Amino acid sequence: MSFDGLREALPAAIAWLRGDVLIPATLAQAVCAAILLALVLLTAASLRSVLTTQANRLVTVPAQPLARALAQVSPWIALLLLVWFAVLAFRAISLPSALLRLVESLAIAWVVIRLSSNLVRDPRIALAIAIAAWILAALNIAGLVAPILGLLNDMAVPIGNFRLSVLLILKGIITFAVLIWLANLVSRLVDQRLRALHAMPPAMQVLAAKLTRAALLVLAIVLALGSIGIDLTAFAVFSGAIGVGVGFGLQKVVSNLVSGVILLLDRSIKPGDVIEIEGTYGWIVDLNARYVSVSTRDGKEHLIPNEDLITQRVVNWSYSNNLVRMHAQVGISYESDPHEAIRLALEAAATVPRVMKDPKPVCLLTEFADSSINLELRFWINDPTNGTANVRSQVLLNVWDLYQAHGIEIPYPQREVTLRHPERLAAVVASPALERSVRLSGAIGDQRG
């Protein structure tokens, strides 16, 4: 632009400033906005500190990220509320409020951006939300929101009696995302509350939490579809086809789902139980809709389908209580005193910290075997989740140490051979033919060597 053009535009700009900006109504809005902004900035630190402390104290763990995010954005939310009250006040006295509406749009955009940056973990989604918020704020300032919404609504395709527009699709996506997020948040809150109810069995806690989550997700989907005007009765047409598909193609999945519900209802398997199935020994970490997670002592986590726990034989070591009786077999020689051996075995079991004092360990003489007197040591533990082989090993090591210290012999297998005619064997051994055969074998071995 040339200097002459600037000189011609300058009077128009000055006239605009005098007629639209430097007027009492605009100056009053500017002063009001400056006062409200200064008030918010002066109290921002104290407001954030108080609300963050209250969020950490009073809000449950699943809702704490949302509470902390709201606490951090609370000064700007307060500014937004004050601006709204100011707009209402200016309208009540018949003064224009265009500048305050500009501040309102900028405050809304900033609140949305700060909340999304604190709550959304994916930086790309947070960036997309921030760009969308600034675009909406710019359109609102320019007064283009209504025309653009009308344009998006006109971009539609009729589908029977239903009119599908771009605006409807955008509204459905936003509504669906918000409702699903709220459903997940509420389900986590309910799950946290249920886990705090110690009077409710763990299996019922898991069942109630899963049913609540499923109901909330279904409700969110129904509300999202209803918000964009979709008639839900139309889906009834497809129910028969879906049932046939489930019956033929998803038999195992449905069987595992039903088995999971049965396990939760009859409480035969619950989190924390120590079970054994098909050689897998471990404790249940989690009950899921399709499988049960069983963690073993070697760090492996087995995902066992729920159907297997219903149809197969399962050993639940902690079904009614955590008491488990262990067995350890020991053999002593016939030259040893079994009374002393029993006393030492009981002493060996009593010195292991995990062995319970009540019920007391018991040692029984079970058999007079071919090579040994067999004893069986029985003792109880109440923490099977910590393993059973390790405590049996410690007890047997203590038995070995005490037996070695007190001269109790643990024998090797023995066999007695009785010769009915020992004189015949002696004659064969002393015969010259056997001696020549032994010499000949030695000579052949030397030649081969």
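Charged (D, E, K, R) and touching a Pro at 6+ places or on another chain (Cβ under 7 Å): does that describe R267? Yes.
L189 meets the stated requirement of being modelled with pLDDT of 75 or more, of a type outside the set (V, I, T) and either loosely packed, with under 15 Cβ neighbours inside 10 Å or not assigned by TED's automatic domain parsing to the domain that holds A289 (or both). Of everything in region 291-325, what is surrounded by 16 or more Cβ atoms within 10 Å (Cβ to Cβ) and β-branched (V, I, T)? Give them in sequence order. Matches in region 291-325: V292, V294, I304, I310, V314, V324.
In region 262-311, of all residues being small (G, A, S) and in contact with a strand residue (DSSP E or B) (Cβ under 6 Å, 6 or more places away or on another chain), the one that is nearest to T212 (Cα to Cα) corresponds to S293. For region 76-131, taking the residues that are among the hydrophobic types (A, V, I, L, M, F, W, C) and outside any helix (DSSP H, G or I), the one that is modelled with the highest pLDDT is identified as I93.
Quick check on my filter: what residues within region 384-404 are surrounded by 15 or more Cβ atoms within 10 Å (Cβ to Cβ) and under 47 Å from the mean Cα position of the chain (by Cα)? P384, T385, G387, T388, V391, R392, Q394, V395, L396, N398, V399, listed by residue number.
Of the residues making up region 160-182, just one is under 19 Å from the mean Cα position of the chain (by Cα) and over 14 Å from S227 (Cβ atoms), namely W181. Applying the set (1) exposed (fewer than 14 other Cβ atoms within 10 Å of the Cβ); (2) free of Cβ contacts under 8 Å to residues at least 60 places away in the same chain to E335 leaves exactly one unmet item: (2).
Inspect region 405-426 for any residue being modelled with pLDDT of 90 or more, outside any loop (DSSP other than H, G, I, E, B) and buried (at least 17 other Cβ atoms within 10 Å of the Cβ) and give the result as yes or no. Looking through region 405-426, none of the residues is modelled with pLDDT of 90 or more, outside any loop (DSSP other than H, G, I, E, B) and buried (at least 17 other Cβ atoms within 10 Å of the Cβ).
The values are calculated or read from the model by the stated rules, or taken from the named source; none is laboratory data. All values reported here derive from a predicted model rather than from experimental measurement. Glycine also receives a Cβ, built like all others from the backbone with ideal geometry; neighbour counts cover every protein chain displayed.
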